[in-house]
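Input: one structure, supplied below.
Laboratory data are not the source of any read-out in this text; all were calculated from the coordinates shown. Values in this document were obtained by computation on a predicted structure and should not be read as measured data. With ideal geometry, Cβ positions are generated from the backbone for all residues, glycine too; neighbour counts draw on all protein chains shown.
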Ligand code: PMP
Ligand code: GLN
């Protein structure tokens, strides 16, 4: 049997979470909160379950939820996405990303990705015969070399994937980056897939700059978001995709056959919660406090934090501690010091090694404090 993804094993998130469990380590590896979502949202799900909302949702998603998403997007970006023609509810951001790839990519098509890149992008490009074309960004600044991007764009380029705020670099794209992108795609047929799952986690007074702000990009963009990130409910796997009508039509052609629709009671609950609660406006301050705690506490260790502008991840440099490559270092840290992190090399196709680990700080204060006590002993 010839595998379509011969080089792909269990993801680094699965691997490190399993290792953490095996060694009873504090798990700061896979990105998920160790606290629950809002109680009212959870009780709304129970109410809708009890009230009999247990059959198929409409293929594109519960109308009330699409309407609330439309209203929220309009409030935050000023852009109107029509619930009928431009918004589809998905089984998390992952399924939205995969469906975009399935809808667009033909064998031999090229897709530009910026590395370090979220782990699902390259396999979901390759499974449809696409060819990932990586642009390498390096620590400490992870600046995009737009000349290198321009040189990669050819008639075969089908799609450019961007992700801001970025997992794992914790950096955000600036207006100047977007302007370069606008200039570059101007005369091409390529589409943009914008992964904005961390849109509300931006710090120090920054404002998230969505691809939707740029008309020339918006008309060719699929924007992907996740309620798992927004409401601390990663296990629910509900997200959505915004795209202009023609692109949404193509998206739904595939979506109806790869999932058909997403579980119903969660969608009703999310619609009510989104209508009545503006929790997303407080998310930045909530996570900034955790980031600040971690940055300050790391000063008492030999790890050096890199700047974190957004997301709930922070990169830490361990050059002062060890010369081990990142994967071996993360494993040793888990096994011998009881703290699990993610080696950043896992986000590069060629395992670029920069002595960096990714720490997830979507954790209770007490979890972070306990982890710091352990990290202090790593010399
Ligand atoms: N994109 C990025 C950049 C992510 O970090 C994640 C998960 N943390 C996802 C997509 C997937 O989101 P979901 O859990 O909603 O599928
Ligand atoms: N997105 C999460 C992370 O970056 C992991 C999600 C997953 O395990 N698929 O840690």
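Which order do the peptides 125-133, 87-95, 181-189 come out in when sorted by mean C-beta neighbours inside 10 angstrom, highest first?
Going by the mean number of other Cβ atoms within 10 Å, highest first, we get 87-95, 125-133, 181-189.
Would you calculate the separation in nanometres between label points at residue 213 and residue 350, each defined as 7 Å from the Cα along the Cα-to-beta-carbon direction?
3.3 nm
Given R₀ = 22 Å, what would the calculated FRET efficiency be for residue 18 paired with residue 364, taking r from the Cβ atoms and rounding to 0.05?
It comes to 0.50.
Would you mind telling me the antiparallel percentage of the DSSP bridges in the chain, rounded to 5?
45 percent
Here is a further query. Rank the residues 14, 154, 99, 248 as a footprinting-exposure proxy: fewest other Cβ atoms within 10 Å of their Cβ go first.
Result, fewest neighbours first: 154, 14, 248, 99.
Once every DSSP H run of n ≥ 4 in the chain is given -39500 (n - 2.57) and the sum is divided by its residues, what mean residue ellipticity at 222 nm do you get, rounded to the nearest 500 deg cm²/dmol?
My calculation for the chain gives -12000 deg cm²/dmol from helical runs alone.
Now, a different point. Given Cα pairs under 8 Å that are at least 6 residues apart, what percent is the relative contact order of the range 237-357?
Dividing the mean separation by the residue count of the range 237-357 yields 15 percent.
Work out the FRET efficiency for residue 4 and residue 150 from their Cβ-Cβ distance, taking R0 = 35 Å, and round it to the nearest 0.05.
Efficiency computed from Cβ-Cβ geometry: 0.70.
Among 338, 61, 205, which one shows the highest mean-square fluctuation when the chain is modelled as a Gaussian network with alpha-carbon springs under 10 Å?
Its mean-square fluctuation being the largest, the pick is 205.
Which order, highest average first, do 21-32, 220-231, 303-314 follow once you tally other Cβ atoms within 10 Å for each residue and take the mean per peptide?
Highest-to-lowest ranking by the protection proxy: 220-231, 303-314, 21-32.
Assign one of three labels to the chain, namely rounded, prolate or oblate, based on the Cα gyration tensor with a ≥ b ≥ c the square roots of its eigenvalues; rounded applies when a/c is under 1.5, prolate when it is not and a/b is larger than b/c, and oblate otherwise.
Taking the square roots of the gyration eigenvalues as a ≥ b ≥ c, the chain is oblate.
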